[in-house]
Amino acid sequence: MNTAYWAGEFAKVLLAYVVLMYVWPSVLFRKHLKEKSRTYRFAFCSTVSIMLISTCLLYTSDAADEARSV
């Protein structure tokens, strides 16, 4: 594997992170964020991202616990 390949992979992951963490919440909650400051929008999108990640981790953790008990 060469450096260009890994640079491309890093760019794809970084783009996906930006879209998932900041673009998606700002589009989904655009009516709520319409007249808010840039700082508020950033903090709101960050909070939504943390809640999304926490929910996904909790769900996968519960699923793993249930799989072990079967």
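The values are calculated or read from the model by the stated rules, or taken from the named source; none is laboratory data. Since we're looking at a predicted model, the values are computed, not measured. Cβ coordinates were reconstructed from backbone atoms using ideal geometry, including for glycine residues, and neighbour counts include every protein chain displayed. Heads up: the accessible areas ignore ligands, DNA and RNA and are worked out on the full protein's heavy atoms, side chains in. Shrake-Rupley method; radii C 1.70, N 1.55, O 1.52, S 1.80 Å.
Computed FRET efficiency, Cβ-Cβ of residue 50 and residue 16, R0 22 Å: what is it to the nearest 0.05? Efficiency computed from Cβ-Cβ geometry: 0.85. Per residue, the chain exposes 86 Å² of accessible surface when a 1.4 Å probe is rolled over the protein heavy atoms with every protein chain present. Taking max minus min of the alpha-carbon positions on each principal axis, the chain gives extents of 50, 40, 16 Å, largest first.
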